[in-house]
Amino acid sequence: IGRWVLDTACEQLQRWQSNPRTCKLSIAINISPRQFHQSDFVATVLQGIAQWDISPSLLKLELTETVILDNTFETIEKMHQLKRAGVEFSLDDFGTGYSSLSYLTQLPLLQLKMDQSFVRNIGITQGDDIIVQTIIVMAKILGIKVIAEGVETEAQCRFLENLSCPLFQGYLFSKPVPIAEFEQLLK
């Protein structure tokens with residue numbers, strides 16, 4: 001399944017590269033710990049990029065903190081190999097795992113995806129407001145972009161905008177849709 005997802009994403013990126021409206025769009029795909037720790041994972045990703053002749057910077061691999069905990073040294077090495085090839089990384093569900101914050105300085109991350117459990121309670125739970133603010137400030141200092149997951153209300157969006165959160169994901173903007181419907185939304 002993981003290989004199919006990778007191939008499907010690369011194929012879609014190849015289609016988008018020829019259209020001025022979509023040529024700068026990237027696709028993020030979730031990578032399971034099992035898939036990431038396969039011995040040929042780096043080669044498989046690089047092969048997919050070459051086979052579909054896509055810009056590697058348009059492919060974003062989303063990892064969870066669990067992937068990092070499984071074998072930290074191997075994870076960092078694989079991430080750096082793929083980063084040197086131009087592949088981008090996002091740390092998904094940030095704030096829900098148990099990894100050390102010190103790993104953030106060793107990982108070649110483009111962005112942190114702040115878990116929706118914090119976003120959901122914006123304006124409701126003061127502790128979550130503080131956590132959201134802390135994640136945004138910390139990421140900014142580290143030079144990592146933040147994307148807030150699960151943004152569903154205008155109030156959440158305004159709160160995040162006031163903290164200079166640059167990216168959002170959630171039903172406020174769109175529910176998950178098939179690719180053809182997404183392309184219609186771009187028009």
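Name the single residue, out of those in the range 55-71 being outside any loop (DSSP other than H, G, I, E, B) and modelled with pLDDT of 95 or more, that is nearest to the chain's Cα centre (by Cα).
Among those that are outside any loop (DSSP other than H, G, I, E, B) and modelled with pLDDT of 95 or more, it is E62.
Is it the case that L185 is surrounded by 13 or more Cβ atoms within 10 Å (Cβ to Cβ) and either under 27 Å from L25 (Cα atoms) or modelled with pLDDT under 95 (or both)?
no
Within the range 15-32, which residues are farther than 22 Å from F168 by Cβ and surrounded by fewer than 16 Cβ atoms within 10 Å (Cβ to Cβ)?
Of everything in the range 15-32, those that are farther than 22 Å from F168 by Cβ and surrounded by fewer than 16 Cβ atoms within 10 Å (Cβ to Cβ) turn out to be R15, S18, N19, P20, C23, S32.
In the range 37-54, which residue that is assigned to a helix (DSSP H, G or I) and farther than 17 Å from R84 by Cβ is most open to solvent (accessible area, probe 1.4 Å)?
Q51
Inspect the range 7-19 for any residue being closer than 17 Å to S90 by Cα and either over 17 Å from the mean Cα position of the chain (by Cα) or among the hydroxyl-bearing types (S, T, Y) (or both) and give the result as yes or no.
no
Of all residues in the range 138-156, which are under 18 Å from the mean Cα position of the chain (by Cα) and surrounded by 12 or more Cβ atoms within 10 Å (Cβ to Cβ)?
Result: M138, A139, K140, L142, I144, K145, V146, I147, A148, E149, G150, V151.
Restricting attention to the range 107-124, which residues are in contact with a helix residue (DSSP H, G or I) (Cβ under 9 Å, 6 or more places away or on another chain), more than 20 Å from E62 (Cβ to Cβ) and surrounded by fewer than 16 Cβ atoms within 10 Å (Cβ to Cβ)?
G123
Say we look at the range 72-130 and pick out the residues that are in contact with a strand residue (DSSP E or B) (Cβ under 8 Å, 6 or more places away or on another chain) and part of a loop (DSSP other than H, G, I, E, B); which of these is modelled with the lowest pLDDT?
G97
Can you spot a residue in the range 157-172 that is open to solvent by 60 Å² or more (accessible area, probe 1.4 Å), assigned to a helix (DSSP H, G or I) and of a type in the set (S, T, N, Q)?
For the range 157-172, residues open to solvent by 60 Å² or more (accessible area, probe 1.4 Å), assigned to a helix (DSSP H, G or I) and of a type in the set (S, T, N, Q): present.
Out of everything in the range 131-156 that is assigned to a helix (DSSP H, G or I) and charged (D, E, K, R), what residue ends up being nearest to G95 (Cα to Cα)?
We begin by selecting, within the range 131-156, every residue assigned to a helix (DSSP H, G or I); these are 131-142, 154-156.
Add one more test, that the residue is charged (D, E, K, R), and what stays is 140, 154.
Values: K140: 16, E154: 23 Å.
Per the criteria, the residue is K140.
What are the pairs with Cβ atoms under 7 angstrom where one residue, in the range 14-37, is under 15 Å from W52 (Cβ atoms) and the other, located anywhere, is of a type in the set (D, E) and open to solvent by 40 Å² or more (accessible area, probe 1.4 Å)? Sequence gap at least six, or different chains.
Q14/D53
The values are calculated or read from the model by the stated rules, or taken from the named source; none is laboratory data. Only a predicted model underlies this, so the values are computations on that prediction, with no experimental measurement involved. Ideal geometry is used to build each Cβ from the backbone, glycine not excepted, and the neighbour counts take in all protein chains shown. These accessible areas exclude ligands, DNA and RNA; they are computed on the full protein's heavy atoms, side chains included. Shrake-Rupley method; radii C 1.70, N 1.55, O 1.52, S 1.80 Å.
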